[in-house]
1. Would it be correct to say that residue 287 is more than 29 Å from residue 313 (Cβ to Cβ) and modelled with pLDDT of 80 or more?
2. Output the residues belonging to region 273-293 that are in a helix (DSSP H, G or I) and either under 14 Å from residue 165 (Cα atoms) or of a type in the set (A, V, I, L, M, F, W, C) (or both).
3. Here are some residues: 79, 154, 98, 146. Which one is touching a Phe, Trp or Tyr at 6+ places or on another chain (Cβ under 7 Å), in the same structural domain as residue 36 (by TED's automatic domain parsing) and assigned to a helix (DSSP H, G or I)?
4. Consider residue 56 against the criteria (1) of a type outside the set (Lys, Arg); (2) surrounded by 13 or more Cβ atoms within 10 Å (Cβ to Cβ); (3) part of a loop (DSSP other than H, G, I, E, B): it satisfies all of them except one. Which criterion is unmet?
Amino acid sequence: MTVRAMLHGGDGAYFLDDPAHELDGIRPSGPGIVLRGAGDHRGVLAGLFHGPSRRAVDLVVAAPKPVSVLLALEPLPRARRLVELHECAVASTLEYLADVATLGGNRAVGDAVGFTHGVNRRLDPHLHTHVVLGGPAGPASSVAFALRRFLRAADALYLASLREGLTAALGRSSWIDAAGALQVQGVDRGLVVATTSPRRRDGRVERVGAKPAVEAAAVRRHWRETLERAVPLDTPVPPVGPHGHIDEHRFACILGDGLVGHPEVVAAFATACTFGATPRAVLVASELLAGGRGQRRTVPAISLRGVRAVRALGPRPMDPRSLRTWQERSQTLGTELARRAKGRSPTRVLAAARELTDPPGAR
């Protein structure tokens, strides 16, 4: 998961004491910025930790390693565009969570402050933002509980936004490969390995103490030396497609079986957009498929997979207007197939199926 929510206690010094010098000259603003609320980031942060529990939610939104490596590969102007893309995707993710995470009909997410960093404790490139947030009322644990159901969808939205935006920001394609891993054009897998922290046998990252405070020049020198020592493995090549359509196999696998609601459909649709999509396009498409994001109703996953419609009409388009047309044709086809199952007018059914599936001018 690239989006995680944890409870954090204290007075906020953990965030304020990290100047994140590694992003000096790259980050468009200081390490702390108000994402929701009024005032300066120090005042908003202090308010988040005010209360009997002195705790807030630390929502960590981290770019995948093939994206973080671009901080070291790209010159400063292009690295700055990368950070801007990341922060824009973070803002969209927070907006989605604030919209859907409700407690008893009230707002669950109140003020929020973001702290964007560019390294981990080993000084490897690690682009991530700590979004410190709380609720208008009630303990931080209630906010964390309200967010829990939507984190997977938020994760998929953030990643889809990154994949879609990298082409415009840096001229690099980004996609999900057959194994489900995110790839970036021009980023050799050897570079990813060289800048990835080792893990213990249980899969957890090995901790090496507190993050050191290092100036930007020293960090970039460290990155350059690390990349020079990296052993090339292979540079992934973008697949031919699908552009403009979702990966139906991946969509069905992520939906799985059983009952699913709007968050599950968001996660499945966003991940099935191989080369990414804007959060708005994903959310509109998900509402077409599963109803409004505020609804808590669930539907059988098998009804959303639409295997027969996909075979007849082809994969679902990502564009909301085209998807709406696809949905209408799918419903018409389903109605006619239901009539055929009852032994009514098979000739009419076959003619309707041809009309739905044949391209314009084919007849």
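The values are calculated or read from the model by the stated rules, or taken from the named source; none is laboratory data. Since this is a predicted model, take the numbers as computed values, not measurements. Positions of Cβ are backbone-derived with ideal geometry, glycine not excepted, and every protein chain shown enters the neighbour counts.
1. Details: more than 29 Å from residue 313 (Cβ to Cβ): no; modelled with pLDDT of 80 or more: yes.
Answer is no for this residue.
2. First, the residues of region 273-293 that are in a helix (DSSP H, G or I): 279-290.
The answer is 279, 280, 281, 282, 283, 284, 285, 288, 289, 290.
3. Criteria check complete, one pass: 154.
4. (3)
The rows are residues; the columns are (1) surrounded by 14 or more Cβ atoms within 10 Å (Cβ to Cβ); (2) of a type in the set (Phe, Trp, Tyr).
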{"site": "262", "(1), (2)": "yes, no"}
{"site": "271", "(1), (2)": "yes, no"}
{"site": "275", "(1), (2)": "yes, yes"}
{"site": "282", "(1), (2)": "yes, no"}
{"site": "290", "(1), (2)": "yes, no"}
{"site": "303", "(1), (2)": "no, no"}
